[in-house]
Amino acid sequence: MNKEVFFETIKCDDYEVYNLEFHNKRVANTIAMNLNLQEYIYPINSELLRCKLVYDDSGILDVKYFPYKKKEIKTFKLIYDNNIDYSKKYFDRSELDELYEKKESCDEIIIIKNDLLSDTSIANIAIYYENMWITPKLPLLYGTTRARLLEERVIIEKDITVEMLKKSTKLALMNAMIDFDEIKDYSFFS
């Protein structure tokens, strides 16, 4: 039997580990087992690090640290795919990678599933629409930063159409490494 393998990307900066409560919850939801991730994460230096913690339903398989540099994103290619499934943070990202290859000269993709916004290849998305920050009700992946911001009521869930995206006045990406990153001067291509 081929075991499913998953991973978490966890921000470490100045020896501090971020958003661990939400990473613990996602791991527990993914494998129906509680693991205290704090027992496995020991930042190797004080730099901004991306901790990649690999696990399956038997426990933690690997923990690695990488220096982190934020990717500059200004242009988005809208990619339509109704079949993609990335409901868990699978180690195998080949489905996402295939969609990302269709970005042409753009920096990133926005995946449209069943005519609604879902995610980019690396982050959840939020738009500022009708005086509020909204995020897709059905993202590809229920991200840890997204979960925290929903709990804090910084963002709310709604179905988001491409028309709403085009009428929005601001856009932000959210993930463990960039938190809530509002992007200035962005553009979309179909």
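The values are calculated or read from the model by the stated rules, or taken from the named source; none is laboratory data. Worth saying up front: this structure is predicted, and the values here are computed from it rather than measured. For neighbour counting, all protein chains shown are included, and Cβ atoms are generated from backbone atoms with ideal geometry for every residue, glycine included.
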Checklist (1) of a type in the set (Val, Ile, Thr); (2) in a helix (DSSP H, G or I); (3) more than 22 Å from LYS89 (Cβ to Cβ) applied to THR145, failing item: (3)
Residue match in the stretch 39-52 (condition: touching a Lys or Arg at 6+ places or on another chain (Cβ under 7 Å), over 21 Å from ALA126 (Cα atoms), among the aromatic types (Phe, Trp, Tyr) and surrounded by 15 or more Cβ atoms within 10 Å (Cβ to Cβ)): no
The one condition in (1) assigned by TED's automatic domain parsing to the domain that holds GLY143; (2) at pLDDT below 95 that MET33 fails to fulfil: (1)
Test set (1) touching a strand residue (DSSP E or B) at 6+ places or on another chain (Cβ under 6 Å); (2) under 18 Å from HIS23 (Cβ atoms); (3) hydrophobic (A, V, I, L, M, F, W, C) - ILE178 fails condition number: (1)
Residue within the stretch 112-130 that is buried (at least 16 other Cβ atoms within 10 Å of the Cβ), in contact with a strand residue (DSSP E or B) (Cβ under 8 Å, 6 or more places away or on another chain) and touching a residue at least 60 places away in the same chain (Cβ under 8 Å) present: no
Matching entry among LYS64, LYS3, LYS25, LYS71 (being under 19 Å from the mean Cα position of the chain (by Cα), in contact (Cβ under 8 Å) with a residue 40 or more places away in the chain, within 28 Å of TYR100 (Cβ to Cβ) and loosely packed, with under 14 Cβ neighbours inside 10 Å): LYS71
Cross-chain or 6+ apart pairs with Cβ under 7 Å, the stretch 166-185 first and under 16 Å from ILE110 (Cβ atoms) and in the same structural domain as GLY143 (by TED's automatic domain parsing), then buried (at least 20 other Cβ atoms within 10 Å of the Cβ) and among the charged types (D, E, K, R): MET174/ARG146
Lone unmet requirement of (1) more than 18 Å from the chain's Cα centre (by Cα); (2) assigned to a loop (DSSP other than H, G, I, E, B); (3) closer than 17 Å to ILE31 by Cα for TYR86: (1)
Matching residues in the stretch 113-133 - criterion: being under 8 Å from the mean Cα position of the chain (by Cα), part of a loop (DSSP other than H, G, I, E, B) and of a type in the set (S, T, N, Q): SER121
Pair list, Cβ under 6 Å, 6 or more apart: the stretch 42-57 residue assigned by TED's automatic domain parsing to the domain that holds ILE31 and within 11 Å of VAL5 (Cβ to Cβ), other residue of a type in the set (A, V, I, L, M, F, W, C) and part of a strand (DSSP E or B): VAL54/PHE7; VAL54/LEU61; TYR55/PHE6; TYR55/LEU61
Failed item, numbered, when SER105 is tested on (1) farther than 24 Å from ARG26 by Cβ; (2) in a helix (DSSP H, G or I); (3) free of Cβ contacts under 8 Å to residues at least 40 places away in the same chain: (2)
